[in-house]
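Below is one structure, written out as structure tokens, with a few remarks after it.
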Amino acid sequence: MPGLLSRNLTIALLGFAVLYLVRPNLLTTEQALAIIVFGILFMLVIPDLGKK
């Protein structure tokens, strides 16, 4: 199931990126949180992809 989990995280990450592009007028705090979330998700997804 880890592969399925990372795939769902990637889909959620892409969806979040699209939402961010559609609504660029987010607050600065939300932008900072978005950067933190992107970093955490990439740290979770990239090592999992390297195991395959």
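Among Gly15, Gly3, which is the only one that is surrounded by 10 or more Cβ atoms within 10 Å (Cβ to Cβ) and modelled with pLDDT of 75 or more?
Numbers: Gly3 fails: modelled with pLDDT of 75 or more.
Residue meeting the stated conditions: Gly15.
Kindly list, by first and then second residue, each pair from a residue in the range 1-27 that is within 13 Å of Phe38 (Cβ to Cβ) and hydroxyl-bearing (Ser, Thr, Tyr) to a residue that is modelled with pLDDT of 70 or more and surrounded by 11 or more Cβ atoms within 10 Å (Cβ to Cβ), limited to pairs with Cβ atoms under 7 Å and residues at least 6 apart or on different chains.
These pairs meet every condition: Thr10/Val45; Tyr20/Ala34.
The values are calculated or read from the model by the stated rules, or taken from the named source; none is laboratory data. Just so you know, these numbers come straight off a predicted model, no measurement behind them. Note that we place each Cβ from the backbone using ideal geometry, even for glycine, and neighbour counts take in every protein chain shown.
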